[in-house]
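Q: After the structure tokens below, expect a handful of questions from me.
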Amino acid sequence: MITAEFDYVAPGSLDGALHALADGGEDAKALAGGHSLLPLMKLRFAAPALLVDLRNVPGLRSIEQENGGWRIGALTRHADLQAREDLGVVAQAAALIADQQVRNRGTIGGSLAHGDPASDLPAVLLALEGAVTVRGRAGTREIAASDLFEDYLTTAIAAGEILTDVRIPALAGWGHAYEKFTRRAEDWAMVGVCALVRRADDGTCADVRVAFTNMGSTPLRATATEQALRGGPLDAESIGRAAEQAAEGTEPPADLNATADYKRHLARVLTRRALQQAAGT
Amino acid sequence: MSVTEERTSGGNGFVGRRLKRKEDPRLITGRATYVEDLTLPGTLYAAVVRSPEAHARITSIDASAAAERAGIEAVFTGEDLADMAAPCPMVWVPPGVEVHVPEHWPLARGKVGYVGQAVAVILGGDKYGVVDAAEDVVVEYDALPVVVDPEAALEPGAPVIHEQFGTNKVFEWSLAGGDVDAALAEADVVLERRIVNHRTAGAAIEPRGAMAEWREGRLTLWSSTQIPHIARVILSIQLGISEEKIRVVAPEVGGGFGSKLQVYGEEVLVAWCARKTGKPVKWTATRSDDMLTTHHGRDQIDDVRIGAKRDGTLTGIHVKVIQDCGSYHLIEGPVIPTFTSCVISGAYDFPAVRTDIVGVFTNKFTTDAIRGAGRPEATHLIEVCMDQLADELGMDALELRRKNFITEFPNERPHGFVYDSGNYHGTLDRCLEMLDLEAFRSEQAELRQRGVYRGVGFSTYVEICGLGPSRALGPDGWGMQGGYFESAQVRVLPTGTVMAYTGTSPHGQGLETSFAQIVADRLGLDPEAVEVIHGDTNTGPFGKDTYGSRSLAVGGEAIARAAEKVQDKAKRIVAHKLEAAPEDIEVAEGAFRVKGSPDKSLTLADVATEAYIPGDLPEGMEAGLDEISFYDPTNFVWPFGAHACVTEVDVETGRVEILRWIAVDDCGPAINPMLIEGQVHGGVVHGIGQALFEQIVYDEHGQLVTGSFVDYAVPTAAEIPSFETDRTETRSPTNSLGVKGVGEAGTIAATPAIVNSVIDALRPLGVTYLDMPLTPMRVWNAIQEARR
């Protein structure tokens, strides 16, 4: 519960932060809201030699419309997101993260860069087919959500790069839902399901996306369910049938509260509920 | 004297009122002082090196790298404690019963028996530096076979944790009355159930902590403890320091729930280190330390047999208790299941009762008293089994209860306990009135048609508290090596206000308020003029501290008696001054006045002036106005009540939600009804925690799986319903206040109400029994099992 010794800097610019990270090498970590990294450090599961705090970097806490979609600064806090109903499922999921104290400090950039499959926003970004912008000393690049999450706590963000923005495409026309199953309100998701449904004029399913929290070492898309539903009717029976395929191919990690089988069962139930809500069925 | 006059204007009538807690402003505004807030000049911080092995011989300890780090003052291991006078004394020595007590030292000597056992301590001037240094201590272990399951530990061939005993059995003893074998033989139905009451933690928000100072041959220990007075005795024994040279202070204590009814190794260790180094030494537990090494509770397997006639008449109850004690004892652990046996037969008129208890060593941390301490286990098994039996008999579960309620009081039970007073029908009647059972049943049926599963469960509990009568508990009774009286001193100051010293050690109960109310009424004061002093062995008489819902029923009675002694003396002074007879003086409206002549009166301030400037006292009377009382009760007290819990179960996921909680408790006349409600709320939350969320889990290697609040799931406000509470008031004949304890009642009552409720909800699906905790997966699995 007491961290190992570390150095700390809080540069006033992005370039300053990038320099500090580069100088710190592999033992340096960027610090955003701190609600993932600091607990790991207190348990001594992580022991970075240098923390580069981004708090003084200007311009990273913002929510702006862009090309019909959204550009959200990396240091935007969960509490900022939850207050913005126009962010749709992002706001809905953000409101379910941990407790209000955590939401007041935790950031979207920190959560995505940490790459914990039990966190809520990675699955939401994956379902939204969003992207992140990262800056390194070599320049800026964009990483699609589908390429971002590589493994447990491992992302495509290279050492020395800093996530600066999150990009979310236009949400108009999509119904949405985030179903999160926990023992206590403040817990990590045992399983979470993000569902997005776009109805065609005739009421059938024009498009659908389903993504899971905590069903594997990364957030996952439920492709079998999506395929089963896409182009077909959105009645309760079709949704129920499609949801039955939700857990196909998943190998969720078992833990104290849930075996892999139980998690797969929860994924099916929650997928059905999320789809019904997103489809307005 | 104007301030005093203003203060005394309240007069009598404070007992029974919902006064706000005097403690709250400092607690709410963060101005209270906990051990962690205290630091003396030159304080050394202690970090403890703990065993990662559950069962192993220590083959070597190399602390050289740690000792060489900058700022490290000293490193000590178990070998260095050779001058310590005694290991942790376990105070339960029941006559005629063999109890195995292994030597439990603050630092392990030679071997370890649980993960987290302390093997070395590092002292240094920087509280972070000592934690880094602790990581540099290299301890080599020779791992031994581990046994974590108490039944496996009793099997022949199991690894024996303490070789000197040749067995993992800690003790075996029985409490019984009536012929249970005959009672079960003549029963039409014998219900048999195995009920597992799992291990839990106290989980106080303030972890443990202690700071010691050794100065001029005297020791002061500040500790986050419920028992400063007992701690002084035990420190004296363990350290070999004469008792009068030791002062123990419990500053603000942020929750105990029994987990600080203890003298832990670290408390003794910092005291020993302070003497050794001559510098103040402070240790504060992290949450991880606390989960690993603050004693756990429960962890019983109860094999229950209950006999009944076809018409529901109960004939007998026999319970075999297996108590997992962990690998070492602290001060009293093995006695805890004895409290299970006291109320094993609940509120019911069983003619024959028998409890056979076996304690077992396992490679886990010690179990000891956690809120309820043995009685939650009893209530859980009897109240769950009453529902199970009703099912078996095809009877209504409430009708079965009512048919067998004890109705005559005082009532001596077959196993020798005398229930003092009660009205079990009364609390159940009121509970049902608040619930509206008929409306619930019709709603329940209607909702089931729509696939919504709701249930209601009841718990009509009785419990034993107010520890306790020394003759029953003491060396010749159960064998506790101590008395269980309580002390109080009521000191009127020269200006007429009061300092009231209690031997109890409140840590959240609100006794500074309720005790002030008791004193105020007896002395014609406002409670604001009564300062309740506690938690410091250098003030007031020797006390017996706070646990077992004893503070009011024993400590409050002592306060009342001391205040009445003061009142008696004051009356004699007033009578002398006003030329009346002492028996004609009454305390009313803030004054001592002559009955029938209210204009002839003196205030306590006037009396204090006479007492402390003794120019005209009655012949032979000593100066001063300061009285002590030691009250040793003649019986325990027996609170009771009826709780109802309405749940809804999501049968697709197994998730349980509590929709309503109705609690009707009877703890005698209220001193402060708001404090009772607070205790009931907190107590029930504790029970909800055990029933739905909390469980200490060790894996098969003896590693603690639930080592933080991420995995050890204490419920939060979001999981808790709004409580509907009420009370009935049945006086206890045991004490003059008529009061019973209420600090543990909610916890003792709660768990079976939830389990019975969930079983009621799932009955149409064929689920007939569930063990706690009712996690979503466990409930879902039970539904699947029932469907097969």
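The values are calculated or read from the model by the stated rules, or taken from the named source; none is laboratory data. Quantities reported herein were computed from a predicted structural model and do not represent experimental measurements. Using ideal geometry, Cβ is built from the backbone for each residue, glycine included, and neighbour counts are taken over all protein chains shown. Quick note on the areas: whole protein, heavy atoms, side chains included, nothing else; ligands and nucleic acids left out. Shrake-Rupley method; radii C 1.70, N 1.55, O 1.52, S 1.80 Å.
Q: Could you work out which residue, out of A:Pro39, A:Pro169, A:Pro11, moves most in a Gaussian network model of chain A, that is, has the largest mean-square fluctuation with Cα springs under 10 Å?
A: Result for chain A, Cα springs under 10 Å: A:Pro39 fluctuates most.
Q: Moving to a separate point now. What are the ³J(HN,Hα) couplings of region A:136-145, residue after residue, when phi is run through the Karplus curve with 6.51, -1.76, 1.60 and θ = phi - 60°? Round to Hz, x for glycine and proline.
A: x, 5, 7, x, 10, 9, 10, 10, 5, 4
Q: Using modelled backbone amide H atoms (1.01 Å from N, in-plane), which distant-in-sequence or interchain residues come within less than 5 Å of B:Val170's amide H?
A: Those lying under 5 Å, H to H, from B:Val170 are B:Gly359, B:Val360, B:Phe361.
Q: Using per-residue counts of other Cβ atoms within 10 Å, averaged over each peptide, order B:140-148, B:218-226 from highest down.
A: Values: B:140-148: 16.4, B:218-226: 25.6.
The peptides rank, most packed first, as B:218-226, B:140-148.
Q: I would also like to ask the following. What helices in chain B pass both tests, a Cα length along the helix axis of 15 Å or more and a mean Kyte hydropathy of -1.0 or higher, using whole DSSP H runs? Mind showing how you got there, number by number?
A: Values: long enough: B:228-239 (16 Å, 1.12); B:265-277 (18 Å, 0.07); B:375-393 (26 Å, -0.15); B:424-435 (17 Å, -0.11); B:437-449 (18 Å, -1.02); B:511-523 (17 Å, 0.48); B:557-578 (30 Å, -0.45); B:673-688 (22 Å, 0.67); B:745-762 (27 Å, 1.31); B:776-787 (17 Å, -0.65).
Both cut-offs are met by B:228-239, B:265-277, B:375-393, B:424-435, B:511-523, B:557-578, B:673-688, B:745-762, B:776-787.
Q: Give the value in nm², to one decimal: projected area of the alpha carbon convex hull of chain B, averaged over all directions.
A: For chain B, the mean projected area of the Cα convex hull comes to 36.2 nm².
Q: Still on this structure, I have one more. Accessible area of the protein assembly as shown with a 1.4 Å probe: how many percent of it is carbon plus sulfur?
A: Ligands and nucleic acids excluded, carbon and sulfur reach 48 percent.
Q: Residue by residue through region B:581-592, what is 3J(HN,Hα) from phi via Karplus (6.51 cos²θ - 1.76 cosθ + 1.60, θ = phi - 60°)? Round to whole Hz and write x for glycine and proline.
A: After applying 6.51 cos²θ - 1.76 cosθ + 1.60, I find 7, x, 6, 8, 9, 10, 9, 7, 6, x, 8, 8 Hz.
Q: Suppose we keep just the alpha-carbon trace of region B:575-726; what are its Rg and Dmax in angstrom?
A: Radius of gyration, then largest Cα-Cα span, for region B:575-726: 27.7, 83 Å.
Q: Only protein chains counted, 1.4 angstrom probe. Which residues of region A:1-41 are at least 30 Å² less accessible in the assembly than when their chain is isolated?
A: A:Met1, A:Ile2
Q: Counting C-alpha atoms alone, how compact is region B:53-110: give Rg to one decimal and Dmax as a whole number, in angstrom.
A: So, for region B:53-110, Rg and Dmax equal 16.3, 55 Å respectively.
Q: Sticking with this structure for a sec: Using a 1.4 angstrom probe with every protein chain in place, what is the largest-first accessible-area order of B:Lys282, B:Lys595, B:Lys20?
A: Result of the area sort, largest leading: B:Lys20, B:Lys595, B:Lys282.
Q: Rounded to the nearest 100 Å², what is the buried accessible area between B and A, both sides summed, probe 1.4 Å?
A: 2300 Å²
Q: Give the long-range amide H neighbours of B:Glu332: residues separated by 5 or more places, or on another chain, with amide H under 5 Å away, using H modelled in the peptide plane at 1.01 Å from N.
A: Under 5 Å from the amide H of B:Glu332 lie the amide H atoms of B:Val91, each far enough along the sequence or on another chain.
Q: Still on this model: For the protein assembly as shown, how big is Rg over Rh, using alpha carbon atoms and the Kirkwood form of Rh? Each step should come with its number before you reach the end.
A: Working: Rg = 31.9 Å, Rh = 31.9 Å.
Expressed as Rg/Rh, it is 1.00.
Q: Residue by residue through region A:186-196, what is 3J(HN,Hα) from phi via Karplus (6.51 cos²θ - 1.76 cosθ + 1.60, θ = phi - 60°)? Round to whole Hz and write x for glycine and proline.
A: Along region A:186-196, the couplings run 8, 6, 4, 5, 6, 8, x, 10, 9, 10, 10 Hz.
Q: Excluding ligands, DNA and RNA, what is the solvent-accessible area per residue of region B:319-415 at a probe of 1.4 Å, expressed in Å²? Numbers along the way, then the final one.
A: Working: 1970 Å² over 97 residues.
Heavy-atom SASA per residue in region B:319-415 reads 20 Å².
Q: Report the rotationally averaged projected area of region B:214-345 based on its alpha-carbon convex hull, in square nanometres.
A: 10.9 nm²
Q: Straight-line reach from B:Lys571: which lysines have a Cα under 23 Å away, not including same-chain ones fewer than 8 places off?
A: B:Lys595, B:Lys600
Q: I'd like the per residue volume of the convex hull spanned by the Cα atoms of chain A, given in cubic angstrom.
A: 121 Å³
Q: Related question: Straight-line reach from B:Lys127: which lysines have Cα under 27 Å away, leaving out those fewer than 8 places along the same chain?
A: Leaving aside lysines fewer than 8 places away in the same chain, those within reach of B:Lys127 are A:Lys29, A:Lys42, B:Lys260, B:Lys276, B:Lys279, B:Lys282.
Q: Which residues does the label zone of B:Glu73 cover in region B:283-311, counting backbone N under 16 Å from a point 7 Å along Cα→Cβ?
A: Answer for region B:283-311: B:283-284.
Q: To continue, here is another question. Hey, how much of the P(r) for region A:176-279 falls beyond 21 Å, as a percent of Cα pairs?
A: 28 percent
Q: If one computes P(r) from the Cα atoms of region B:294-351, what percent of pairs lie at distances over 17 Å? Please list the in-between numbers first.
A: Details: 798 of 1653 pairs.
Cα-Cα pairs in region B:294-351 separated by more than 17 Å: 48 percent.
Q: What size of dipole, in debye to the nearest 20, comes out for the protein assembly as shown about its Cα centre when the only charges are +1 on Lys and Arg C-beta atoms and -1 on Asp and Glu C-beta atoms?
A: 960 debye
Q: Counting only heavy atoms of the protein chains, get the accessible area per residue of region A:19-74 (1.4 Å probe) and round it to a whole Å² value.
A: Each residue of region A:19-74 exposes 52 Å² on average to a 1.4 Å probe.
Q: Cross-link partners among lysines for B:Lys111, C-alpha distance below 16 Å, same-chain residues fewer than 8 apart left out?
A: B:Lys364
Q: Describe numerically, in nm with one decimal, the distance between label points set 7 Å from Cα along Cα→Cβ at B:Glu98 and at A:Asp235.
A: With each label placed 7 Å out from Cα toward Cβ, I get 7.6 nm.
Q: Something else about it: For region A:68-157, report the translational diffusion coefficient in µm²/s to the nearest whole number, using Stokes-Einstein at 25 °C, 0.890 mPa s, and a Kirkwood Rh over Cα pairs.
A: 184 µm²/s
Q: P(r) for region B:480-576, please, calculated from all Cα pair distances in 10 Å bins and given in %.
A: For region B:480-576, the pair-distance distribution reads 17, 51, 25, 6, 1.
Q: Let me ask something else about it. Calculated from DSSP H runs of 4 or more alone, at -39500 (n - 2.57) each and per residue, what is the 222 nm mean residue ellipticity of chain B, nearest 500?
A: -8000 deg cm²/dmol
Q: How large is the charge dipole for chain A, taken about the Cα centre, if only the Cβ atoms of Lys, Arg (+1) and Asp, Glu (-1) carry charge, to the nearest 20 debye?
A: Details: 28 positive and 36 negative charges, 96 e Å.
It comes to approximately 460 debye.
Q: Additional query: Return the ratio Rg/(2.2 N^0.38 Å) for region A:7-50, where Rg is computed over Cα atoms only.
A: Normalised Cα radius of gyration, region A:7-50: 1.16.
Q: If you don't mind, there's one more thing I want to ask. Which of the listed residues, B:Val15, B:Cys465, B:Ala134, is farthest toward the dipole's positive end in chain B, when Lys, Arg count +1 and Asp, Glu count -1 at the beta-carbon?
A: B:Val15
Q: I would also like to ask the following. Tell me, what is the per residue accessible area of region B:476-629 in Å², probe radius 1.4 Å? Present the calculation step by step, with values, prior to reporting the outcome.
A: Numbers: 5300 Å² over 154 residues.
Counting only protein heavy atoms, the per-residue value for region B:476-629 is 34 Å².
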